[in-house]
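Here the structure comes first, spelled out in structure tokens, and everything after it is commentary.
The values are calculated or read from the model by the stated rules, or taken from the named source; none is laboratory data. Keep in mind that what you see is a predicted model, and the values were worked out from it rather than measured. We place every Cβ from the backbone using ideal geometry, glycine too, and count neighbours over all the protein chains shown.
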């Protein structure tokens with residue numbers, strides 16, 4: 001239905017004065033075609049391709065001539081990106097703040113990605129951090145999170161959180177829908193739980209202090225998924241601690257459910273429902289040895305039950 | 001007579017457009033309230049995340065019911081005919097239930113109704129196909145399925161069904177063309193012609209008032225047909241396809257007939273799409289032309305590599321950055337009706353989330369692979385022995 005027809009429909013119902021109609025019509029006639037987000041996506045894709053390419057390139061020709069030149073060039077570009085981002089940085093505020101240049105945020109992102117490449121390379125080639133491997137991820141994590149708050153950049157925050165999670169041994173691959181890590185190892189699992197609790201606490205405190213409140217949802221999504229994955233993995237991998245993990249998972253899901261209702265967040269409702277359902281279903285089938293009919297009945301009852309629950313909850317939110 | 005209240009669908013579009021004007025400051029809140037009162041929408045509003053959940057759990061419930069009934073009736077399935085009628089019957093029941101819920105609970109693309117509609121149409125289609133003899137070709141079954149799916153699209157205007165119908169059509173053409181001698185040669189051209197035809201039809205009907213109920217379906221069809229066009233004219237795709245359908249496959253995909261023509265099309269089609277998209281200010285065309293250029297470049301690199309893949313990634317990434325930076329600077333002032341100022345039409349939230357996900361993915365890529373080389377060890381990286389969720 002074209003805007004013109006909508007105007008006609010409004011006019012037919014005597015909802016618009018002739019003047020309003022002419023004004024809106026002229027705005028529509030002179031409307032420009034915005035390619036803002038298309039161009040930003042192009043820029044974004046370029047940055048990701050470039051850093052992926054160079055990230056692989058520096059290992060490929062490691063012993064060739066020109067290699068040091070490449071490293072040097074990348075270092076210069078990286079420094080230039082940070083310099084650009086700093087030069088055009090908007091004034092710091094507790095709320096949202098914007099770079100004074102349209103490219104400030106992208107320069108910062110490119111700088112951070114190149115920093116990661118170069119830092120990894122320095123450790124690989126010169127073992128910069130010796131055997132303290134944790135530093136290789138912990139350092140960028142701290143740097144990125146600090147930069148994210150200083151420059152108000154959600155992408156860099158996500159990078160920092162990814163690095164932090166990888167520091168304890170869990171890899172996040174959202175495009176493949178999975179967290180990878182040795183969650184059969186109790187130490188990794190407990191670190192994941194501890195880290196997510198720390199992150200959530202940090203997120204809540206900052207939110208309470210009204211510092212960058214628009215970051216809260218990103219932090220909580222990362223921490224929440226990490227915590228829920230760790231607890232579900234605990235349930236799967238450690239039969240002797242079933243009770244503990246069940247209680248922890250139940251409390252976490254209930255907590256997210258409560259938080260989602262308070263904050264009107266549909267994402268957290270979905271998260272608690274999905275992970276909770278996986279946990280419950282696992283326990284049911286682990287302890288009950290049902291025949292086929294009972295299994296199908298379980299699907300029917302739970303499927304309908306959760307559908308009803310989700311639609312009634314979403315109306316209340 | 002359609003599944004959803006057509007007046008509400010129409011009012012929904014009107015309110016969407018009016019909402020845009022309000023955000024631009026062209027209408028005040030009082031006027032908006034008057035308009036909302038005159039154009040009521042009774043559908044229950046929902047949210048993307050909840051819709052995903054509702055869809056998934058509705059599928060769980062439907063599958064549970066299907067298998068429960070099927071198991072309890074399995075003794076009767078010795079006769080094939082009974083099984084097919086069971087599928088049709090179950091599909092009709094799900095469809096009736098969907099209709100009841102749509103009316104009673106005011107669902108409109110809320111996840112529950114999507115799941116039920118897709119399940120109903122899938123089951124009825126499977127059942128009806130089962131009634132036909134077993135020795136027909138795939139395209140013949142496709143021809144029986146397509147009208148039923150299209151009927152579903154007509155009644156429900158469901159987007160998943162639209163995709164299914166498009167997929168069925170492509171399958172029919174594919175399978176049918178391979179049946180005769182010259183079909184293999186002609187297949188890419190037929191697919192190109194069909195996609196261009198469908199695209200033009202979709203553009204023609206997209207804005208018709210009488211067809212408003214299916215507006216989203218036509219827009220989806222535009223995207224689907226442009227994607228098919230890019231694939232069916234791509235040299236790499238045609239050559240690989242030719243290779244897959246060969247009976248005795250050599251080790252490598254052999255050169256195809258009219259190679260020059262396909263190379264030309266690979267490069268020319270995105271250029272034409274860009275030209276037309278630029279002239280007509282059509283977002284799908286412009287975006288697909290950009291993707292087409294990417295495909296053309298990747299195809300060229302595949303057959304005529306000058307540098308390594310890494311070098312290509314870096315060079316192309318850099319060129320993309322430069323092009324984007326140039327265009328953003330160039331469009332600071334509007335030119336030819338194009339601007340860099342964001343507007344209401346762009347899917348901002350979606351893009352932001354996609355960007356965030358891509359960043360995370362790349363970051364973990366940077367943190368990942370080298371670990372195994374030198375500093376993998378015990379305390380991080382974990383060697384990939386984890387579970388997938």
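Annotations for the structure displayed:
For every residue, the table says whether it meets (1) under 25 Å from residue B:199 (Cβ atoms); (2) crowded, with 19+ Cβ neighbours inside 10 Å.
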residue	(1), (2)
B:226	yes, yes
B:229	yes, yes
B:245	no, no
B:255	no, no
B:258	yes, no
B:261	yes, no
B:264	yes, no
B:269	yes, yes
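Matching residues to (1) assigned to a helix (DSSP H, G or I); (2) touching a helix residue (DSSP H, G or I) at 6+ places or on another chain (Cβ under 7 Å); (3) more than 7 Å from every other protein chain (Cβ to nearest Cβ):
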{"position": "A:1", "(1), (2), (3)": "no, yes, no"}
{"position": "A:6", "(1), (2), (3)": "yes, yes, no"}
{"position": "A:25", "(1), (2), (3)": "yes, yes, yes"}
{"position": "A:47", "(1), (2), (3)": "yes, yes, no"}
{"position": "A:55", "(1), (2), (3)": "yes, yes, no"}
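Residues checked against (1) within 9 Å of chain B (Cβ to nearest Cβ); (2) in a helix (DSSP H, G or I); (3) surrounded by 14 or more Cβ atoms within 10 Å (Cβ to Cβ); (4) touching a helix residue (DSSP H, G or I) at 6+ places or on another chain (Cβ under 7 Å):
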position	(1), (2), (3), (4)
A:255	no, yes, yes, no
A:258	no, yes, no, no
A:276	no, yes, yes, yes
A:280	no, yes, yes, no
A:283	no, yes, yes, yes
A:289	no, no, no, no
A:293	yes, yes, no, yes
A:297	yes, yes, yes, yes
A:313	yes, yes, yes, yes
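- Selection over region A:162-186 of residues that are modelled with pLDDT of 85 or more and either part of a helix (DSSP H, G or I) or at the interface with chain B (Cβ under 7 Å from one of its Cβ atoms) (or both) gives a count of 7.
- Selection status of residue B:7, in a helix (DSSP H, G or I) and out of contact with any helix residue (DSSP H, G or I) (no Cβ under 8 Å at 6 or more places or on another chain): yes
- Residue in region A:69-86 that is free of Cβ contacts under 8 Å to residues at least 40 places away in the same chain, at the interface with chain B (Cβ under 7 Å from one of its Cβ atoms) and more than 25 Å from residue A:153 (Cα to Cα) present: no
- Being assigned to a helix (DSSP H, G or I) and modelled with pLDDT under 95 holds for only one residue in B:238, B:170, B:196, B:153, and it is B:238.
- Residue count for region B:291-311, restricted to those that are assigned to a helix (DSSP H, G or I) and more than 7 Å from chain A (Cβ to nearest Cβ): 14.
- Residues of region A:299-311 that turn out to be more than 8 Å from every other protein chain (Cβ to nearest Cβ) and touching a residue at least 12 places away in the same chain (Cβ under 8 Å), as a count: 1
- Some residue of region A:239-247 being buried (at least 22 other Cβ atoms within 10 Å of the Cβ) and either in contact with a helix residue (DSSP H, G or I) (Cβ under 9 Å, 6 or more places away or on another chain) or closer than 26 Å to residue A:314 by Cβ (or both): yes
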